[in-house]
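Trainee: Could you have a look at this structure, given as structure tokens, before my questions?
The values are calculated or read from the model by the stated rules, or taken from the named source; none is laboratory data. All values derive from a computational prediction rather than experimental measurement. Heads up, the Cβs are rebuilt from the backbone with ideal geometry, glycines too, and the neighbour counts pull from every protein chain shown. Ligands, DNA and RNA are stripped out before the accessible areas are found, and what is left, the full protein with its side chains, is counted by its heavy atoms. Shrake-Rupley method; radii C 1.70, N 1.55, O 1.52, S 1.80 Å.
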Protein chains: 2
Amino acid sequence: MPRSAPAFTFAKSIATVSLSGTLPEKLEAAAAVGFDGVEIFENDLLTFDGSPADVRRIAEGLGLAITIFQPFRDFEAMPDPIRARNLDRAERKFDVMQALGTDLVLVCSNVQPHAIDDPARAAADLAEMAERAHRRGLRVGYEALAWGRHVNRWRQAWDIVNRADHPALGLIVDSFHTLSLGDDFSGLADVPGERIFFAQLADAPKLSMDVLSWSRHFRNFPGQGQLPVTEFLTAVLASGYRGPLSLEVFNDEFRSAPARLTALDGLRSLIHVEAEAGHGPGLPEPPVCDGVEFLEFAVDAAAHDKLAGLLGTLGFRHAGRHRSKAVDLYRQGGVNLVLNSEEDSAASEHFQMHGPSVCAMAFRVDDSRRAIARAEALRCVLWRERVGEGERHIPALRAPDGTLIHLVENDAAGRSIWEDDFHLLPDDGAASPAALTGIDHVAQALPFGRMDGFVLFYRAVFGFVPETLWELPDPYGLIRSRALVSPNAEPGRGVRLPLNISESRRTATGRFVGATAGAGVHHIAFASRDAGALVEERLAAGAPFLAIPANYYDDLAVKHPLDDDALAALKRRELLYDRDDHGAFLHAYTDSFEDRFFFEVVERQGDYRQFGAVNAPVRMAVQAQLREDRWPTRYLDQRHPDQQ
Amino acid sequence: MPRSAPAFTFAKSIATVSLSGTLPEKLEAAAAVGFDGVEIFENDLLTFDGSPADVRRIAEGLGLAITIFQPFRDFEAMPDPIRARNLDRAERKFDVMQALGTDLVLVCSNVQPHAIDDPARAAADLAEMAERAHRRGLRVGYEALAWGRHVNRWRQAWDIVNRADHPALGLIVDSFHTLSLGDDFSGLADVPGERIFFAQLADAPKLSMDVLSWSRHFRNFPGQGQLPVTEFLTAVLASGYRGPLSLEVFNDEFRSAPARLTALDGLRSLIHVEAEAGHGPGLPEPPVCDGVEFLEFAVDAAAHDKLAGLLGTLGFRHAGRHRSKAVDLYRQGGVNLVLNSEEDSAASEHFQMHGPSVCAMAFRVDDSRRAIARAEALRCVLWRERVGEGERHIPALRAPDGTLIHLVENDAAGRSIWEDDFHLLPDDGAASPAALTGIDHVAQALPFGRMDGFVLFYRAVFGFVPETLWELPDPYGLIRSRALVSPNAEPGRGVRLPLNISESRRTATGRFVGATAGAGVHHIAFASRDAGALVEERLAAGAPFLAIPANYYDDLAVKHPLDDDALAALKRRELLYDRDDHGAFLHAYTDSFEDRFFFEVVERQGDYRQFGAVNAPVRMAVQAQLREDRWPTRYLDQRHPDQQ
């Protein structure tokens, strides 16, 4: 339930450097998604063919405040005559600020080798600058850069601000500069809030590289990375700070992504981190997701028949027909797959754009109304389907790639959506004892550059937890894979969503993204209590499980203490094997359906929580070879050697 | 001239992990470009649906030796009972080796936390393994991984091999593992050559990150990176080593690049590094390149007229017509531009594929015959044009993108190619005193992933030197730029080729690569002794120089000590400005020609050797805005938010 809302909500701001495009495009994007203000990054002004006053007018017209002008570099503690020149330089930039209509400039700590290591001198210089600013009604904020020559910690910057003791001089804090050094931030709570002039927020993945490269290329929005930004913000807010929360992110991928998409991710991250830090209007708790209730495929009649045939070999039966639409239910044990060939529907639109593909997922949740309220507060796009008489309304929202996510709960009387909406066919009770028990995981292929946005979406809206990043070699390029998992996940319960990205367009993941013009479900793993029995039964029924190379089993025998019988059983059933300290994992993959998606059958033994990533290269190589046999890529390679 | 050729040439080998594709594709690619052997990387075998004997047969059929099987990990100095299990594991892999038909296995130093820190124990284990190998006629090579738990330097590995004192156990050296740690390699010369069983070579860019990530993602071929691989190899060869030279490269970009292209780069790098290390058949010296003699544009009649019009505004005059082809010469001062609209020619083919674009460059060289001999030895594709009666044959080779590079020298009588091949029109002598003096640099846009290949090509074939890598923010993504410069370059002399890569397809560079289906010349910079006068004169003639934002000049005044008159002069002439410790740089850019290429006028003052990279973002923003005015990308962004 929502926490009681505090009276105060922080203004949300974003630095123009965080967004791609020309300066007007950046401003438009920030305004369009609902930011209150922008930081004007100086380079964006220098390359803009209009005056600072023009920028002010555009921003005002869009309802954006200019929260700060930044950065002013290498100012303090310089030897004469640079000191005098720097004060002149400041006056010229004060002119710009006044034309822009902002009263605050960010001075970042000096990185020059000839800067003097003397906090008193730095304080005196900043006091002089602040005094000059003050005469014009302007203010100066001082920030410690993580790679500053002599000042790189917030406490040093605060000490200098304190010494300078000028009302127009305050501290600027930045989560990246503090957290990247692993610096202690708890003391920020003790700084008088009104002495903090500005708070910049950025997250980042943990990378072992020099901090400048890390900062310039890999920052991302709070909740997208691995730094304790929430804890940092909690300390800052405890000081009594009431200025804007502003995103300043340098990220190679954001530079090339459409600006509105990035801006929306950014605003979502700020709303989320503000709530996590215990401020803002608060957010409803995330839903408890018990599992994936169904997956819906957009098909036409031909694809329907072909996919239904494949599902038949996997042991699914035709279990029902929708009361009012050309929508069929295929079912096995706890798995519901819906094939939607309704014309003139959202599904048919999806089919036309993406071909046969998953157009919707449904999660079983404890409280769909609360989940929708949270999603709405986090600026998700909600969706309302046309509903026939007597049919259930299933609330839904759109994932960042447009895939629908339905939120299903049994109604008070315990009736399922299937009973409400479908003519169910009687089960002949002949289901195999080895039948599937549910959907173990659903893997999605994402366009290059969109991992951060999807991680934030699932983390913020559903409370899913991002797991370790894996790098998986496809024969035609590296795949980066990170699973988002519901916190309650255990064998047979919860939602697991591996997200996969390929830099190359030659991998299966890359081709999928190219062919479907976007992201989408790339593979679906079904849970089984006895994968061996199931796969054996299904192979006999003609299911297209991949034939696993004998070399794999020879090596498996070397790696794991498996006896000959166990090994022979795995080999006969085309099962891959993994184990960790918690348990074991058996799994088999099918060939892909029209080079789009494929299925997997998995069996989790003990408390194994991974996804058999170690075996993914085998799967990818076998699938690539099958495709190669059908469509030899090497001939393409020879024709246009430089195209990929 | 070629050095006297030693009798011995090293066998050239490449690890399968260095190439993309399925195992058969990798083998085919290695054989196709002329490698003698391959290292079989175990994962490539495990994912291959055929037996080790099948691999042997395929390799034999292709004329490839299997030089080594690798890696065998975490073997030595393990506590019992792992020790016994590891010896069993070794026996299983010996079976595989015998089926593969290779006698050598690579054991890399143990990375396990429970490995015992005891060289004597490691030596005993390796001696036992070597003895077992020996019984089967096999050999074991031991290599220090840079991140080995206890053994990470070659000298430690050599000490262990020495202690073990078994004829079937030798040392394996790897340039990356030694050079990445900055380890001293001079002592390798003192190891008895026959005790080194195998030499692996890899280069890498200098990056400040953990060595494991660096190794797994960023290695490249010798000459593509910044490590002293030549010096390392010189020391190895001084030992008397006579085994294969083998490339083992883990590189994300190579994983997705067409395998033959990568393999060709690899073989070229080995031939080059072998010669640099003073062995092998030797290579003719690289040419001395004095400058760019001409650039040739592939056009049709319409593009000819439009481009000729643009060149007219820039002060070029129509200076001649080819004696036998629809090829026109436009000339100004020392700059020759050739517009080729000949039907049914290489140029017309180029035009059909790439649109109006540069299809050939010509370098002025001291000895074209020697240069061609070197290029041929380095496996370049040579090219021979059909030549009319009395016309000069100009030798040429193809750059990795297919662009022709002609090599021009004046003939003994001092006649230029122009007098031989063209009907030259009389010069009316009215050329401006401000006329261009030559071609300062030619910038090329490369497809993503091809920087290393191009750097190696220009470095190996022409002896050009790679300069610092720049990162330039285009409004729609980051551009990485590295110039290759002839060692004799000075103002007015030499060849300078900035190479640009965009990860994003939304930047001008990325769009260029997309639109032209490959790499090519993206901008051409003309040298001038008085850029100010020239641009002023040409603006009056209607030349489409970019209008530079006033904000740029306001900031320039803050950054550089320019007086008001100098600043006003720059501003009036749309000139950008840079200076460094050696001199200053004035330059102006034109708008792009059909979103393909554009021109620049530059003036180098003093000994300024850069390219005004600091101003590139201004140029890119102004060009982007001009294009935006014609074709607003933001509407595209909104339609398909996830496509880039």
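Trainee: Any chance you could count how many residues in segment A:546-561 are under 29 Å from residue A:594 (Cβ atoms) and open to solvent by 20 Å² or more (accessible area, probe 1.4 Å)?
Mentor: So the count comes out to 2.
Trainee: If I go through segment A:490-504 residue by residue, how many of them are open to solvent by less than 30 Å² (accessible area, probe 1.4 Å) and in contact with a helix residue (DSSP H, G or I) (Cβ under 8 Å, 6 or more places away or on another chain)?
Mentor: Residues flagged as open to solvent by less than 30 Å² (accessible area, probe 1.4 Å) and in contact with a helix residue (DSSP H, G or I) (Cβ under 8 Å, 6 or more places away or on another chain) within segment A:490-504 amount to 7.
Trainee: Take residue B:618 and tell me if it is in contact with a helix residue (DSSP H, G or I) (Cβ under 6 Å, 6 or more places away or on another chain), modelled with pLDDT of 95 or more, in the same structural domain as residue B:541 (by TED's automatic domain parsing) and of a type outside the set (Gly, Ala, Ser).
Mentor: yes
Trainee: Taking the condition of being assigned to a loop (DSSP other than H, G, I, E, B) and modelled with pLDDT of 95 or more, how many residues in segment B:114-154 meet it?
Mentor: The number of residues fulfilling the criteria is 17.
Trainee: Are any of the residues in segment B:365-379 touching a helix residue (DSSP H, G or I) at 6+ places or on another chain (Cβ under 7 Å), under 30 Å from residue B:303 (Cα atoms) and away from every other protein chain (no Cβ under 14 Å)?
Mentor: No, the conditions are met nowhere in segment B:365-379.
Trainee: Of the residues in segment B:455-476, how many are within 10 Å of chain A (Cβ to nearest Cβ) and either part of a loop (DSSP other than H, G, I, E, B) or surrounded by 24 or more Cβ atoms within 10 Å (Cβ to Cβ) (or both)?
Mentor: 3
Trainee: Name the one entry in B:8, B:48, B:35, B:72 that is among the aromatic types (Phe, Trp, Tyr) and within 25 Å of the chain's Cα centre (by Cα).
Mentor: Being among the aromatic types (Phe, Trp, Tyr) and within 25 Å of the chain's Cα centre (by Cα) holds for just one of B:8, B:48, B:35, B:72, which is B:35.
Condition check ((1) open to solvent by 10 Å² or more (accessible area, probe 1.4 Å); (2) within 14 Å of chain A (Cβ to nearest Cβ); (3) assigned to a loop (DSSP other than H, G, I, E, B); (4) on the phi > 0 side of the Ramachandran plot) across all residues:
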position: B:44; (1), (2), (3), (4): yes, yes, no, no
position: B:53; (1), (2), (3), (4): yes, yes, no, no
position: B:59; (1), (2), (3), (4): no, no, no, no
position: B:76; (1), (2), (3), (4): no, no, yes, no
position: B:96; (1), (2), (3), (4): yes, yes, no, no
position: B:99; (1), (2), (3), (4): yes, yes, no, no
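Trainee: I need every pair where a residue in segment A:116-143 that is assigned by TED's automatic domain parsing to the domain that holds residue A:103 has its Cβ under 8 Å from the Cβ of a residue that is basic (Lys, Arg), sequence separation at least 6 or different chains.
Mentor: Correct list of pairs: A:117/A:149; A:119/A:163; A:120/A:163; A:123/A:163; A:125/A:83; A:130/A:139; A:133/A:139.
Trainee: While we're looking at this one, here's another question. Condition first: touching a strand residue (DSSP E or B) at 6+ places or on another chain (Cβ under 8 Å) and among the small types (Gly, Ala, Ser). Now tell me which residues in segment A:338-371 satisfy that.
Mentor: A:341, A:346, A:347, A:348, A:357, A:360, A:362, A:368, A:371 - these are the residues of segment A:338-371 that are touching a strand residue (DSSP E or B) at 6+ places or on another chain (Cβ under 8 Å) and among the small types (Gly, Ala, Ser).
Trainee: Is it the case that residue B:479 is buried (at least 21 other Cβ atoms within 10 Å of the Cβ), touching a strand residue (DSSP E or B) at 6+ places or on another chain (Cβ under 9 Å), within 11 Å of chain A (Cβ to nearest Cβ) and among the β-branched types (Val, Ile, Thr)?
Mentor: yes
Residue by residue, here is whether (1) crowded, with 22+ Cβ neighbours inside 10 Å; (2) assigned to a strand (DSSP E or B) holds:
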residue	(1), (2)
A:488	no, no
A:506	yes, no
A:512	yes, no
A:523	yes, yes
A:533	no, no
A:539	no, no
A:542	no, no
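Trainee: Please work out if residue B:216 is out of contact with any strand residue (DSSP E or B) (no Cβ under 9 Å at 6 or more places or on another chain) and either of a type in the set (Asp, Glu) or not in a loop (DSSP other than H, G, I, E, B) (or both).
Mentor: Taking the combined requirement at face value, the residue does not satisfy it.
Trainee: Tell me the residue from B:326, B:303, B:319 that is in contact with a His (Cβ under 9 Å, 6 or more places away or on another chain) and either open to solvent by 50 Å² or more (accessible area, probe 1.4 Å) or among the small types (Gly, Ala, Ser) (or both), please.
Mentor: So the residue among B:326, B:303, B:319 that is in contact with a His (Cβ under 9 Å, 6 or more places away or on another chain) and either open to solvent by 50 Å² or more (accessible area, probe 1.4 Å) or among the small types (Gly, Ala, Ser) (or both) is B:326.
Trainee: Which residue is nearest to the other protein chains (Cβ to nearest Cβ), if the candidates are limited to segment B:61-73 and must be open to solvent by less than 30 Å² (accessible area, probe 1.4 Å) and closer than 30 Å to residue B:114 by Cα?
Mentor: B:72
Trainee: Inside segment A:221-250, can you point out the residues that are buried (at least 24 other Cβ atoms within 10 Å of the Cβ), polar (S, T, N, Q) and farther than 13 Å from residue A:173 by Cβ?
Mentor: The one that is buried (at least 24 other Cβ atoms within 10 Å of the Cβ), polar (S, T, N, Q) and farther than 13 Å from residue A:173 by Cβ: A:224.
Trainee: Looking at (1) under 26 Å from residue B:175 (Cα atoms); (2) modelled with pLDDT under 95; (3) of a type in the set (A, V, I, L, M, F, W, C), find the lone condition where residue B:82 falls short.
Mentor: Failed condition: (1).
Trainee: When you look at residue A:201, is it under 26 Å from residue A:463 (Cα atoms) and within 14 Å of chain B (Cβ to nearest Cβ), yes or no?
Mentor: no
Trainee: Being outside any helix (DSSP H, G or I), touching a Lys or Arg at 6+ places or on another chain (Cβ under 8 Å) and either within 13 Å of chain B (Cβ to nearest Cβ) or more than 18 Å from residue B:43 (Cα to Cα) (or both), is that true of even one residue in segment A:571-579?
Mentor: yes
Trainee: Name the residues in segment B:571-617 that are open to solvent by 10 Å² or more (accessible area, probe 1.4 Å), in contact with a His (Cβ under 9 Å, 6 or more places away or on another chain) and among the charged types (D, E, K, R), would you?
Mentor: B:578, B:579, B:596, B:603, B:607, B:609
Trainee: Mind listing just one residue for me: the one in segment B:383-419 that is away from chain A (no Cβ under 14 Å) and in a strand (DSSP E or B) and, of those, surrounded by the most Cβ atoms within 10 Å (Cβ to Cβ)?
Mentor: Going through the qualifying residues, I end up with B:407.
Trainee: Of everything in segment A:603-631 that's assigned to a loop (DSSP other than H, G, I, E, B) and not acidic (Asp, Glu), which residue is farthest from the chain's Cα centre (by Cα)?
Mentor: My answer is A:631.
Trainee: If residue B:160 meets every condition in (1) open to solvent by less than 50 Å² (accessible area, probe 1.4 Å); (2) closer than 18 Å to residue B:272 by Cα apart from one, which number is that one?
Mentor: (2)
Trainee: Still on this structure: Considering each residue of segment B:329-355, count those that are open to solvent by less than 40 Å² (accessible area, probe 1.4 Å) and among the hydrophobic types (A, V, I, L, M, F, W, C), and give that number.
Mentor: Total satisfying the criteria: 6.
Trainee: Also, I was wondering about something else. Considering A:252, A:210, which residue is touching a His at 6+ places or on another chain (Cβ under 6 Å) and either modelled with pLDDT under 95 or in the same structural domain as residue A:366 (by TED's automatic domain parsing) (or both)?
Mentor: A:252
Trainee: May I ask you to list pairs of residues, at least six apart or on different chains, whose Cβ atoms are under 9 Å apart, with the first in segment B:537-566 being at the interface with chain A (Cβ under 9 Å from one of its Cβ atoms) and the second being open to solvent by 50 Å² or more (accessible area, probe 1.4 Å) and among the acidic types (Asp, Glu)?
Mentor: The qualifying pairs are B:547/A:49; B:548/A:49; B:549/A:49; B:550/A:49; B:551/A:49; B:554/A:95; B:557/B:564; B:558/A:88.
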